[in-house]
Amino acid sequence: MAVAAAPHAYRPHLPGVESLRAYAAFAIVIFHVIHLTQAPAPQSLEFMKWFFGYGVPLFFVVSAFSLAYGYEGKLTTKAQTAEFYLRRVLRIAPLYYLAVAVQLMSIKAQGYDMPSLGDIALSLGFVFNLSPQMVDGIAPASWSIGVEMLFYAAFPLLLAIATTLPRAIFLTAVFAAGAVAYTIIGSKLKVNPSFVVHGLAFNLPYFGFGLIAFQLFRLTPARLGRYLTLGALALTVAAWAAAPIFTRPGAGVFRNVLYMAAWGAPFGLLCLGMALRPPGLLSNPVTQFLGKISFGVYLAHPQVIFGLSHLGVYDAIQRLPGGSGLTFPLAVLVTCAAVVPLV
């Protein structure tokens, strides 16, 4: 049985979960290569244009699972909780503040209006996600960091609540109901759509699925890991295939939001399988290394894409013969080759 270690005991590193961070990060890189450079994906890969943005929810599931695995039984005193918060800030702040600084310099160099001091303060204080106007942050793609930091703030309480599988399931159901209600209210009030989709309430179900996956991890034999991973991949394909049913015009907010939240289920199952016994094809020294640098990849890649676009790299690639079957993979490879050495 894969039972969680006793409080304060050493807990082995989970290389399969580390690898999932790599898949999440580079899915988002590919997603942004498509949307920020207008690089057309070949028809056989067009699903990346719509579904690789789910790399962020995968990050959220992995984050909740990893924190529950690492901190179960270790947040029982004020000192332990204070240390947890300090470690989270020290992990996130240096690279994030660098990304903010780079973006501010870019805004100034291009002659655009600078954010107000209040907006900068919201960003530096990690509470920008609470502002309808600043929900996306200053640094490109940093909205998810705003969500993540708010989750960190609530994590000790959530971990204390989700101590069993039924409790974790109940908490996730509450999160899903809250996401639906939040979206309906936001739609009626006509608030900034990003404030809804990029808000904490909308994304809490993903963290809930990570907590469910951890509770299952404590109960599931390790030998089932590979089978669970394969099942999770099959469930992910099924979720992709079911998209027209739930996202077509007229499907309704309730159905649409529940569909988006339900992506946490295959991701949670994937996290469980990869934590127990990952297939070597999916978790190896390369993917584990890329997982270790995934946070830097995530923060750096928008600026790299903007820089390569400014230099005309993507335009030059698009002019090459061979069509999108050649130019699209080449654009992705060039982007990744530029990002990885930076981090």
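The values are calculated or read from the model by the stated rules, or taken from the named source; none is laboratory data. It should be emphasised that the depicted structure is a prediction, and the values quoted were computed from it without experimental measurement. Because the Cβ atoms are built from the backbone with ideal geometry, glycine has one as well, and the counts that use them run over all protein chains shown. For the accessible areas, the whole protein counts, side chains as well, though only heavy atoms, and no ligand, DNA or RNA atoms are used. Shrake-Rupley method; radii C 1.70, N 1.55, O 1.52, S 1.80 Å.
For region 132-253, what relative contact order do you get, as a whole percent, if you take Cα pairs closer than 8 Å and at least 6 residues apart?
29 percent
In nm, give the distance between the simple-model label positions of residue 222 and residue 51, each being 7 Å from the Cα along the Cα-to-Cβ direction.
A separation of 3.2 nm, rounded to one decimal place.
If I take all pairs of Cα atoms in region 79-160, what percentage of them are more than 17 Å from each other?
Above the 17 Å cut-off, region 79-160 has 48 percent of its Cα pairs.
Identify which of 310, 198, 32 has the largest mean-square fluctuation in a Gaussian network model of the chain, with springs joining Cα atoms closer than 10 Å.
310
Within region 242-343, what whole-number % of the accessible surface is contributed by carbon and sulfur, with the 1.4 Å probe and all protein chains included in the calculation?
72 percent
May I ask you to give the solvent-accessible area per residue for region 26-67, in square angstrom, as obtained with a 1.4 angstrom probe?
Counting only protein heavy atoms, the per-residue value for region 26-67 is 38 Å².
Of the peptides 274-280, 313-319, how do they stack up when ordered by the mean number of other Cβ atoms within 10 Å, highest first?
Result, highest mean first: 274-280, 313-319.
Using a probe of 1.4 angstrom, how much of the accessible area of region 44-170 is carbon and sulfur, in percent?
For region 44-170, the apolar C and S fraction of the accessible surface comes to 68 percent.
Relative to the compact-globule scaling 2.2 N^0.38 Å, provide the ratio for the alpha-carbon radius of gyration of region 128-222.
1.19
In Å², what does the accessible area per residue of region 244-288 work out to with a 1.4 Å probe?
Normalised by residue count, the accessible surface of region 244-288 is 47 Å².
Provide the per-residue ³J(HN,Hα) series for region 333-338, in order, calculated from phi with Karplus coefficients 6.51, -1.76, 1.60 and θ = phi - 60°, each as a whole number of Hz, with x at glycine and proline positions.
Values per residue, Gly and Pro as x: 5, 5, 4, 5, 5, 7 Hz.
Build a GNM of the chain with springs between Cα atoms under 10 Å: which of 77, 229, 37 gets the top mean-square fluctuation?
So, out of 77, 229, 37, the one fluctuating most is 77.
Distance from the Cα centre of region 160-229 to that of region 81-138, in angstrom?
First find each Cα centre; the distance between them is then 26 Å.
With a sphere of radius 14 Å drawn around the Cβ of residue 17, what net charge do the other residues whose Cβ falls strictly inside it have (Lys, Arg +1; Asp, Glu -1)?
Local net charge: +3.
By the gyration tensor of its Cα atoms, with a ≥ b ≥ c the square roots of the eigenvalues, what is the shape of the chain: rounded for a/c under 1.5, prolate for a/b over b/c, or oblate?
rounded
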